[in-house]
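Please read the structure below before turning to the comments.
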Amino acid sequence: MIRIVLAEDQGMLLGALGSLLNLEEDMEVVGKAKNGEEALQLVKQHQPDVCIMDIEMPVITGLDAAEALINDPCKVIILTTFARAGYFERAQKANVRGYLLKDSPSDELAHAIRTIMDGRRVYAPELIDLTYSNNVNPLTSRERQVISKIAEGKSTKMIANELSITSGTVRNYISTILDKLEVTNRIEAVSRFKEQGWFK
C-alpha cells in the first residue's frame, strides 16, 4: 500500500484529491494538510511514501517544505497551477520526484505516483519546454542589487544610502528594471524576478 500525505490550502480540492486517491486499490491517504508546516508535521508523524503538495500555501510554501524534506525517504510530488521555470528549477534542486499541473487528468496523478514509487521521475511536459526556453536574467549586477533591496522593502532613499548613489540614480535603475522585466511597478518586478528563480 502506497501511503500518501496531501498538502493543499484549498479545502474542496484537498477533499476531492483525497477521495480520488483513496479509490485506488494500492493507495491510502494517511494525512491532509492545509499548509507546508502541517505537511512537514504529518510526514514526520506518519512517515508516508509520498507527499503531494501545492506550491503557494500559507505559513510554509510547498517548495520550502520540499527543501526541508530533501534528505527524507518520503518522495515529494509538487501539484500546482504554476508552470514556472524558477519554481521548477527550485523543485529539481530540492530532489522533488514529480512536478505536475492541476489541469492534468486525475488518472495521470495515480499513474505518476506509481511511476515515482518505481524510482523514476515525472515532470509535466510544459515544464521541460520552459526549461529549454530562454530564461536568462536580463539585469546587470547593479540592477540585481537594487531589486534585492526593493524586495527587502527598502525605500529609494534607503537604497541610495546603502549603495552610495543618489536617489535619482536609484530611480533610473528602477525604471530600467521595470522596462527589462516588462512590468509596471516594484511589486510586480519583485514577483517576476522571484518567479524566474533569479534571487540567489
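Every read-out reported here was derived from the displayed coordinates using simple, explicitly stated rules and does not represent laboratory data. Just so we're clear, the structure is a prediction, and the values are computed from it rather than from any experiment. Note that each Cβ is placed from the backbone with ideal geometry, even for glycine, and that neighbours are counted across all protein chains shown.
Between ARG142 and LEU23, take the C-beta separation as r, use R0 = 41 Å, and let me know the FRET efficiency to the nearest 0.05. Before the final figure, lay out each step's value.
Numbers: r = 56 Å, r/R0 = 1.35.
That gives a FRET efficiency of 0.15.
Between GLN45 and VAL30, what is the label-point separation in nm under the 7 Å Cα-to-beta-carbon projection?
1.2 nm
Suppose each label sits 7 Å from its Cα in the direction of the beta carbon; what would the GLU152-ARG171 distance come out to in nanometres?
If labels sit at GLU152 and ARG171, their model points lie 2.3 nm apart.
Could you give me the radius of gyration and the Dmax of segment 64-175, taking only the C-alpha atoms into account and expressing both in angstrom?
Cα-based Rg and Dmax for segment 64-175 come out at 19.6, 58 Å.
Mean separation of Cα pairs under 8 Å and 6+ residues apart, divided by the residue count of the chain: what relative contact order is that in percent?
Taking the mean separation of contacting Cα pairs over the length of the chain, I get 15 percent.
Where in segment 7-41 is the amide nitrogen less than 14 Å from a point lying 7 Å along the Cα-to-Cβ axis of MET1?
Zone members listed by number: 22-31.
In segment 12-93, if every C-alpha pair distance is counted and binned at 10 Å from zero, what percent goes to each bin?
Final binned percentages: 17, 53, 28, 2.
For segment 1-143, what ratio Rg/Rh do Cα atoms give with a Kirkwood hydrodynamic radius?
Value, to two decimals: 0.99.
Each label point is 7 Å from the Cα along the Cα-to-Cβ direction; what then is the distance between the points at GLU162 and ASP179, in nm?
2.5 nm
Would you give the gap between the C-alpha center of segment 1-43 and the C-alpha center of segment 67-120, rounded to a whole Å?
Answer, in whole Å: 14.
Gain in length, ARG120 to GLU108, computed as 0.36 nm per residue apart minus the alpha-carbon separation, to one decimal in nm?
That works out to 2.9 nm of additional length.
How high is the relative contact order of segment 105-200, in percent, counting Cα pairs under 8 Å that sit 6 or more residues apart? Mind showing how you got there, number by number?
Values: 49 pairs, mean separation 21.2, N = 96.
Worked out over segment 105-200, it gives 22 percent.
Explain nothing, just the number: dipole magnitude of segment 1-48 about its Cα centre with +1 on each Lys and Arg Cβ and -1 on each Asp and Glu Cβ, in debye rounded to the nearest 20.
160 debye
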